[in-house]
Each structure stands twice: as C-alpha cells, then as structure tokens.
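Inspection log for the structure reproduced underneath, given as structure tokens.
The values are calculated or read from the model by the stated rules, or taken from the named source; none is laboratory data. These numbers were taken from a predicted model, which means no experiment stands behind them. Here the Cβ positions follow ideal geometry from the backbone for every residue, glycine too, while neighbour counts run over all protein chains shown. Remember, those area values only see protein heavy atoms, side chains included, never the ligands or the DNA or RNA. Shrake-Rupley method; radii C 1.70, N 1.55, O 1.52, S 1.80 Å.
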Amino acid sequence: TMLDDAAFDLESWLTGEIAVEFARAEGAAFVNGTGVDQPLGFLRVPTSTKDDDARDFGELQYLKSGADDGFDTSPDLMLVDMVHALRASLRQGACWLMNSRTLADIRKLKTADGAFIWQPGLSDGQPDRLLGYPVIEAEDMPDIDIGEYPIAFGNFQAGYLITERSATSILRDPFTNKPFVHFYATRRVGGQVLDSNAIKLLRIEA
C-alpha cells in the first residue's frame, strides 16, 4: 500500500495533523464550548459587574468598555482597571486574551499624552506586552461589537481547569474498506471555570 511504500512516514504525518485539529477544536471549546459533549467555555458562564466579594459563585466579573462601538476616550485607564480588578495574588502569571483583529485595534490605542499603550517584545522569544502583561492571541475570542466580550485578562492556569483522561488514541483499520486504510482518533478532554475570581472580562458597552 501507499502507506507502506511512501518515501516518508505518512502515518506520523497524519498523527501530527490530527493533533493540530484536536488542538484547534479544544481551543475553541475552552473559549465558547457549551459544556454538552465538550468543555464549558469561560465565555459561557454567567457574568456580573459586581466585585469578587459580591458576585454569586461561578460568575465572572466584567468591566464596561465605555462605548457601544469600542472604547471610550481613556482606553488605557479602563485596561488598568481590568488589571487591578484581579487580586494581586493572581496577577503573577496573568495574561491578556484576544483575537488578532482586537489586538490590531489595541496596538493603535494611545494614552492622553499620545504614548502607545502597547509594548512590543524587547527581544526574540519574548511576548509582546500590554500594561506589562503578555498578550495571547486566541482567534476564537469574539470581535469588538456591542454586547460582546472581546478581551479577557486573568490567570488562566488558576482560573480554568482542563482535564485529560489520556493521550490521543489512534486506531488503524486496514480491513473494513479495502484497499483503503481508515484511522480513528479519539481524545477525551474536559474544561470549566475553576476560580471565577481569576478571570476578568471586558464587555463592549457604554
């Protein structure tokens, strides 16, 4: 068969492609998953404007952007408020999460005195930073639009629990549909918000 005669290891290549697809699906579910036959995404849990000591258990706090179409005239101050809404003990290891379109808008924002609030990485391998914290691009985060939550800030290691039953299992089946070879890949992953104080959201709202 081609699998046996190919000059390179097709089966290893396919295994790598499967891993990429699983990673893409998992990333989407950790953000927006319904919790039915998939992880419960952190954007699917209830939200509130109340502080940590006043919210119901399991609710995430959100701050308002100050404008229905994006940001108000002091976006840097609003983002500073997001940082300090997170408890000091959780800020070490915290990061920003947004998609590339939101990030493009953030990179253009300036303080009142005209300075950019974005800080590019100072050397290769160092993440770009926003107000001193690394920025992670997650394409499954929503775009900037009224009522959406395009930006999250938090300590996701503390705030979001990911469970894996085992590594990816791949079954090779050369018998069912000869001369074709079928591969069946399975992976069991779960996820949900663990500490609702560890993740803060920005809602586009005046």
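Computed on the Cα trace of region 142-204, the radius of gyration divided by the Kirkwood hydrodynamic radius gives Rg/Rh = 1.30. Remark: relative contact order (the chain) = 27 percent; criterion is Cα-Cα distance under 8 angstrom and separation of 6 or more residues. Here the accessible area of the chain is 52 percent carbon and sulfur, with a 1.4 angstrom probe and all protein chains present. So what's the Cα pair-distance distribution over region 34-99, bin width 10 Å, in %? Bin by bin from 0 Å, the calculated values are 16, 42, 35, 6, 0.
Averaging the sequence gap over all C-alpha pairs within less than 8 Å and six or more residues apart, then dividing by the number of residues, gives region 75-159 a relative contact order of 39 percent.
Accessible area per residue for region 8-142, computed on protein heavy atoms with a 1.4 Å probe, is 58 Å². Taken over region 92-191, the percentage of Cα pairs per 5 Å bin, counting from 0 up to the bin with the maximum distance, is 2, 10, 13, 15, 14, 11, 8, 8, 7, 6, 3, 2, 1, 0, 0. Each Lys and Arg adds +1 at its Cβ and each Asp and Glu adds -1 at its Cβ; summed about the Cα centre, the chain shows a dipole of about 360 debye. Averaging over all projection directions, the Cα-based convex hull of the chain occupies 15.4 nm² in the image plane.
For region 72-122, the fraction of alpha-carbon pairs lying more than 18 Å apart is 39 percent, rounded to a whole number. Which one of F30, F116, F71 has the biggest mean-square fluctuation once the chain is modelled by GNM with Cα springs under 10 Å? Sorting by GNM fluctuation, first place goes to F116.
So for region 43-150, Kirkwood radius off the Cα pairs, Stokes-Einstein at 10 °C and 1.306 mPa s: how many µm² s⁻¹? Estimated via Stokes-Einstein, D reaches 105 µm²/s. Distance from the Cα centroid of region 17-95 to that of region 148-171 is 13 Å (rounded to whole angstrom).
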